[in-house]
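The values are calculated or read from the model by the stated rules, or taken from the named source; none is laboratory data. On a predicted model such as this, the values are computed, not experimentally measured, just so you know. Neighbour counts run over all protein chains shown; Cβ positions are idealised from the backbone, glycine included. Just so you know, the surface numbers come from the protein's heavy atoms only, side chains and all, with ligands and any DNA or RNA stripped out. Shrake-Rupley method; radii C 1.70, N 1.55, O 1.52, S 1.80 Å.
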Amino acid sequence: MNMQTFYQRLSVKPKRNNQRRLAGLTRISCTQILNATREDTWLLWWKPEEVES
Amino acid sequence: MDFFTKIIQDFSALPHVSLWDDAQKIFQGVASGKPNHWLLPTHACKAVGGKPEQSIFAVMAVACAHIGILLVDDMLDADPRGEYHRIGMPASSNLACAFQATALHAISQGVQDQPARLAAINSFNEMFLSTAFGQFLDVQASADESAYWTVAQTKSSPFFGAALQVGALAGGGTLEVAKRLKELGFLYGEMIQIQDDMHDSMETPANPDWIEGRAPLPILFASLVEHPDQERFRKLSRKITDPAALQEAQEIIIHCGAISYCTHRLIQKHQKAKEILSAIQLINTTPISSLLDEIIAPVYKLLEAADS
């Protein structure tokens, strides 16, 4: 399922439980997403200040 | 002595590297952050019944590969944190070559069994080539969803696939089991990429991806999918350094279903990875299933937040 199809299915009243839960994610906040996801992305340097020491 | 201390020591003692201050300084700097990804080979090694110490050389190889990739990626992304600001682009490119060569050196010294050594070296070579191509594609910016997945599968996934494959070979796993763990690692890498994208698109101030025109999955969704706020979102994206525009754009990302879509994709990939795992003959599945559980945990955290 691509993005457009997913959007269309999400837009109609979701029948299945997992679709309803996914639809619930359209009402969360930026902060909740930031808190739930990783901060240390794999293409970031770790503790760059220690490189200088 | 922990793994990170041990590989810092081993790295510093390598031929040429022992005389190369910048190489040592960079390695020590990144190692001091104890990146979790460096230990992926140890998980695979334990899963096939090997002892953790058997994976030391594979951890070293993954560490060197990672640093080589970072050095190049930062130059391509014009990342303000990049080492090239300190040592210059020519020296940074040269170091990236050295780190790639060191990764291959670690494998060739560490794997005793001839077919396993060849498979491990091939795995890393393929990974380096694919990642370089993926980095090239990434700076062109994805025009559509298919281009996005091509970048994710060439730039991010091969690193994680190779890490698990070489770890399995280090632990004495068969070539077939190592290959299956590589497949699983690819999915794991895609999951890491989607999570990174979700995080990046919600950061304040605007993540460089917005400004450089690269499109993490949520931004791509909000730009390309036909929804009532699509035009508004595109307009806001053009002035994204304005904090008010960023906040509104991020709210549109959430409301239009982009985060729901990322979550849906994460759950799909997690299920597929679990299926692969259940079909692999491992001595101990826990080290790998714990990796998968760890990466899906934030998704359930988000769903719970939405439920409450």
Worksheet item: Restricting region B:15-47 to residues that are away from chain A (no Cβ under 12 Å) and within 30 Å of B:Ile288 (Cβ to Cβ), which is most open to solvent (accessible area, probe 1.4 Å)?
Response: B:Lys46
Worksheet item: Counting only residues that are open to solvent by 50 Å² or more (accessible area, probe 1.4 Å) and over 29 Å from B:Gly171 (Cβ atoms), how many does region B:282-308 have?
Response: 5
Practice prompt. Sort out for me the helices (runs of 4 or more DSSP H) sitting completely within region B:235-308 that have 1 or more residues that are within 14 Å of chain A (Cβ to nearest Cβ) and within 22 Å of the chain's Cα centre (by Cα).
Written response: B:258-279, B:286-307
Fill in: Single condition B:Leu95 does not satisfy, out of (1) buried (at least 20 other Cβ atoms within 10 Å of the Cβ); (2) more than 10 Å from chain A (Cβ to nearest Cβ); (3) touching a Ser or Thr at 6+ places or on another chain (Cβ under 9 Å)
(3)
Item to complete: For B:Arg117, work out the one condition from (1) surrounded by fewer than 18 Cβ atoms within 10 Å (Cβ to Cβ); (2) basic (Lys, Arg); (3) within 20 Å of the chain's Cα centre (by Cα) it doesn't fulfil.
Response: (3)
Item to complete: Kindly check whether there is at least one residue in region B:65-87 that is out of contact with any strand residue (DSSP E or B) (no Cβ under 9 Å at 6 or more places or on another chain) and more than 14 Å from chain A (Cβ to nearest Cβ).
Response: no
Item to complete: Kindly indicate which of B:Ala152, B:Ala162, B:Ala178 is at pLDDT below 95, on the phi < 0 side of the Ramachandran plot, in contact with a Gly (Cβ under 9 Å, 6 or more places away or on another chain) and open to solvent by less than 10 Å² (accessible area, probe 1.4 Å).
Response: B:Ala152
Fill in: B:Gln9 being open to solvent by 50 Å² or more (accessible area, probe 1.4 Å), more than 10 Å from chain A (Cβ to nearest Cβ) and within 19 Å of B:Ala116 (Cβ to Cβ)
no
Fill in: Only listed residue being farther than 30 Å from B:Thr285 by Cβ and touching a Pro at 6+ places or on another chain (Cβ under 6 Å), chosen from B:Arg86, B:Arg81
B:Arg81
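Taking the condition within 18 Å of A:Leu22 (Cα to Cα), modelled with pLDDT of 95 or more and part of a helix (DSSP H, G or I), does B:Ala222 pass? So that I can check it myself, show each step before the final result.
On the way: within 18 Å of A:Leu22 (Cα to Cα): yes; modelled with pLDDT of 95 or more: yes; part of a helix (DSSP H, G or I): yes.
In short, yes.
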Worksheet item: Which one of the conditions (1) under 16 Å from B:His199 (Cα atoms); (2) at pLDDT 95 or above; (3) in contact with a helix residue (DSSP H, G or I) (Cβ under 7 Å, 6 or more places away or on another chain); (4) more than 9 Å from chain A (Cβ to nearest Cβ) does B:Pro216 fail to meet, given that it meets all the rest?
Response: (2)
Worksheet item: Does B:Leu137 meet the test of being surrounded by fewer than 19 Cβ atoms within 10 Å (Cβ to Cβ), over 28 Å from B:Trp20 (Cβ atoms) and modelled with pLDDT of 95 or more?
Response: no
